[in-house]
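Contents: one structure, followed by commentary.
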Amino acid sequence: MEEEFKKANESVMFSYRRHSESKQTYTLLKSTSDAGYQPVGDYTVLDKKEDCGLSEKKVMNLVALLNGKDATNDVSEDIEGTKLFYYESPSAQTDKTKIVFYKQDGSGVSKENALFLINKEVWGHA
């Protein structure tokens, strides 16, 4: 799945790769004119029960949005009966924007689903 996405978006500004140390963490990359793709953020799945395929679809959608395109993957069947929320955490103490994703399945309080950290200068221009 990751390879198909990369081939379809070879000349895009933003891309991603799976983190080498964790199958549930993805590194977001930005193309630079002098150094190729450089890391600008991380998406870490906090819900260890989430299917890796669903996590990757969500990351692909984030990358598509960063590239100014519509989300490329419909995840509605994968999350049927669940609502997704996010909260952007204000912080002037770091050069990264912190966004926490939550899911609510109707059985109580919402639960943290993923953590998205991205360079502030990138998020400000997305």
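Summary table below
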read-out: Table column - 3J(HN,Hα) (Hz), the stretch 18-35, Karplus curve with 6.51, -1.76, 1.60, x for Gly and Pro; value: 5, 5, 5, 9, 8, 6, 10, 10, 10, 9, 8, 10, 10, 6, 10, 5, 9, 10
read-out: Charge sum, other residues only, whose C-beta stays under 12 Å from GLY81's C-beta, Lys/Arg counted +1 and Asp/Glu -1; value: -2
read-out: Cleavage-rule hits (chymotrypsin sites (Phe, Trp or Tyr not before Pro)) in the stretch 35-101: DSSP loop, at most 16 neighbouring Cβ within 10 angstrom; value: none
read-out: Most fluctuating residue given options LEU84, LEU28, LEU62, as computed from a GNM of the chain linking Cα atoms under 10 Å; value: LEU84
read-out: Computed over the chain, Kirkwood Rh from alpha-carbon pairs, angstrom; value: 15.3 Å
read-out: Cα→Cβ-extended label distance, 7 Å offset, between SER107 and THR94, nm; value: 3.0 nm
read-out: Placed amide H near LYS96: partners under 5 Å, 5+ positions off or other chain; value: LYS120
read-out: The stretch 57-126: translational diffusion in µm²/s, Stokes-Einstein, Kirkwood Rh over Cα pairs, 4 °C, 1.567 mPa s; value: 96 µm²/s
read-out: Carbon and sulfur %, accessible surface of the chain computed with the full protein complex present, 1.4 Å; value: 49 percent
read-out: Accessible area per residue in Å² at 1.4 Å probe, computed on the chain; value: 62 Å²
read-out: DSSP loop GluC sites (Glu not before Pro) with at most 14 other Cβ within 10 Å excluded, longest remaining stretch of the chain; value: 22-76
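The values are calculated or read from the model by the stated rules, or taken from the named source; none is laboratory data. The structure displayed is predicted, hence computed values, not measured ones. For neighbour counting, all protein chains shown are included, and Cβ atoms are generated from backbone atoms with ideal geometry for every residue, glycine included. Each accessible area value is taken on the protein alone, full model and side chains, heavy atoms only, with ligands, DNA and RNA left out. Shrake-Rupley method; radii C 1.70, N 1.55, O 1.52, S 1.80 Å.
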